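S.K.: The structure that follows is given in the form of structure tokens.
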Amino acid sequence: MNDIDKERAEENFRRLEEALQSRAPVVRQPHLGYGVAFAASAFLLLVVATLVLSFVIGSHDGKVQKDSLERIASLPRMSVYAMGIGYLGTLVWSFFLYPHFWKRPYFDVLQWNFAAVRRYWPLLLTGGVGLSVAAGIAERFVSVPDTAPMNAFFKDRADLWLITIFGSTVAPFFEEMMFRGYFLPGVAIAFDWLRLERSDAARAHWESSSTVSLQAVIFSGIFTSIGFAALHASQLANTWGAVFLLFCVSCVLTSVRVRLNSLAASTLLHASYNATLFMVTFIATGGYQHLEKLQH
């Protein structure tokens with residue numbers, strides 16, 4: 001190699017080294033902070049919506065009737081209205097705000113990946129039905145008290161239709177986005193960060209890759225499934241057998257989300273699971289006409 005070629009090679013190497021050094025480090029998204037803000041927003045909006053709706057509905061001629069706020073706030077349909085406002089409000093602001101921080105489209109960061117649904121939708125729909133049937137069989141060995149808050153929806157036909165529509169559409173979409181869109185990757189990222197060796201080489205590897213370890217995915221899947229089950233525990237009067245069943249269902253949803261790399265896939269499976277539960281009730285009560293058949 002002559003001197004000219006040697007100088008060119010050194011110059012090319014120098015430029016490559018400068019380019020690598022100037023390259024911005026990879027930022028893993030969505031990290032846990034986004035999920036916490038998302039969940040906190042939904043909770044706060046839910047509380048505010050419950051208070052406002054109770055006040056508005058409980059007022060008469062501009063005056064709030066005595067003891068009416070507590071009574072109205074306890075109505076089953078009130079919780080659905082409040083959740084709808086909290087969920088949809090949170091989805092709207094996060095959809096418009098978060099991409100400004102991510103510098104990427106909202107659904108790309110959350111790995112919506114609707115292509116997996118187009119390819120596997122028959123399996124996802126039938127999988128939801130099968131999962132619901134399996135959970136229904138398991139529930140025969142679990143005794144949920146009649147006083148469980150969830151059972152309040154099965155005493156009024158209008159309330160039951162309301163929770164059927166909400167539980168088959170908005171609820172699975174929001175819950176999948178929160179637990180498997182935000183918290184699943186967020187907890188996994190935090191897990192790997194806490195395990196990261198504090199060295200320049202480890203930090204350089206962290207900043208050059210966006211992947212998470214298998215251990216982090218497994219830990220996050222279990223952790224977020226516990227959270228998913230805990231979210232519904234009060235609805236089931238903290239009947240731990242039923243809560244454990246929800247934990248198992250969440251693990252299945254997580255497995256599909258990870259295996260297909262698609263939040264849309266786990267959302268469709270979740271919606272199919274919920275819809276099947278309501279369909280069984282619909283058939284058993286003659287189209288919600290004979291709710292007395294649900295009474296023990």
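S.K.: Name every residue in the range 257-289 that is under 15 Å from MET177 (Cα atoms), assigned to a helix (DSSP H, G or I) and open to solvent by less than 30 Å² (accessible area, probe 1.4 Å), in order of residue number.
M.R.: Within the range 257-289, ARG257, LEU263, ALA264, ALA265, SER266, THR267, LEU269, HIS270, ALA271 qualify.
S.K.: Now a separate question. Taking interchain pairs and intrachain pairs at least six residues apart, which have beta carbon atoms under 7 angstrom, with the first residue in the range 214-239 and closer than 25 Å to ASP146 by Cβ and aliphatic (A, V, I, L, M) and the second open to solvent by less than 40 Å² (accessible area, probe 1.4 Å) and not in a helix (DSSP H, G or I)?
M.R.: Close Cβ pairs (under 7 Å, with a partner that is open to solvent by less than 40 Å² (accessible area, probe 1.4 Å) and not in a helix (DSSP H, G or I)) amount to LEU236/ALA148; ALA237/ALA148.
S.K.: Among (1) closer than 24 Å to PHE43 by Cα; (2) out of contact with any Gly (no Cβ under 8 Å at 6 or more places or on another chain); (3) not acidic (Asp, Glu), there is one condition LEU196 misses while meeting the rest; what is its number?
M.R.: (1)
S.K.: Another question, then. Just one of (1) in contact (Cβ under 8 Å) with a residue 12 or more places away in the chain; (2) in contact with a helix residue (DSSP H, G or I) (Cβ under 7 Å, 6 or more places away or on another chain) trips up SER208, so point out which.
M.R.: Looking at each condition in turn, SER208 falls short on (2).
S.K.: Oh, and also: Give the residues of the range 249-296 that are without any contact (Cβ under 8 Å) to a residue 24 or more places away in the chain and in contact with a Ser or Thr (Cβ under 9 Å, 6 or more places away or on another chain), sorted by residue number.
M.R.: MET279, GLU292, LYS293
S.K.: Suppose we keep only residues that are open to solvent by 90 Å² or more (accessible area, probe 1.4 Å) and closer than 26 Å to TRP206 by Cβ within the range 1-17. Which one would you say is modelled with the highest pLDDT?
M.R.: Checked the range 1-17; the qualifying residue modelled with the highest pLDDT is ARG14.
S.K.: Separate question: Only residues that are more than 30 Å from SER208 (Cβ to Cβ) and loosely packed, with under 14 Cβ neighbours inside 10 Å: list them for the range 29-58, please.
M.R.: ALA40, PHE43, LEU44, VAL47, LEU51, VAL52, VAL56
S.K.: Restricting the search to the range 20-69, which residues are assigned to a helix (DSSP H, G or I), among the polar types (S, T, N, Q), at pLDDT below 55 and farther than 30 Å from PHE191 by Cα?
M.R.: Correct list: SER68 only.
S.K.: Against the condition open to solvent by less than 40 Å² (accessible area, probe 1.4 Å), modelled with pLDDT of 95 or more and within 19 Å of the chain's Cα centre (by Cα), how does LEU110 come out, does it pass?
M.R.: It is true that LEU110 is open to solvent by less than 40 Å² (accessible area, probe 1.4 Å), modelled with pLDDT of 95 or more and within 19 Å of the chain's Cα centre (by Cα).
S.K.: I'd like to check which helices (runs of 4 or more DSSP H) are fully inside the range 128-228 and have at least 1 residues that are open to solvent by 30 Å² or more (accessible area, probe 1.4 Å) and under 25 Å from VAL243 (Cβ atoms).
M.R.: Of the helices (runs of 4 or more DSSP H) lying wholly inside the range 128-228, those with at least 1 residues that are open to solvent by 30 Å² or more (accessible area, probe 1.4 Å) and under 25 Å from VAL243 (Cβ atoms) span 157-168, 170-176, 184-195.
S.K.: Looking at (1) in contact with a helix residue (DSSP H, G or I) (Cβ under 6 Å, 6 or more places away or on another chain); (2) of a type outside the set (Gly, Ala, Ser); (3) part of a helix (DSSP H, G or I), which one does PHE244 not meet, given that it meets all the others?
M.R.: Result: PHE244 fails condition (1) only.
S.K.: Tell me which residues, restricted to the range 86-100, are touching a residue at least 60 places away in the same chain (Cβ under 8 Å) and either outside any helix (DSSP H, G or I) or open to solvent by 30 Å² or more (accessible area, probe 1.4 Å) (or both).
M.R.: LEU88
The values are calculated or read from the model by the stated rules, or taken from the named source; none is laboratory data. The structure presented is a predicted model; accordingly, all values stated were derived computationally and were not measured. Ideal geometry is used to build each Cβ from the backbone, glycine not excepted, and the neighbour counts take in all protein chains shown. Areas reflect the complete protein model, heavy atoms only, side chains present, ligands, DNA and RNA absent. Shrake-Rupley method; radii C 1.70, N 1.55, O 1.52, S 1.80 Å.
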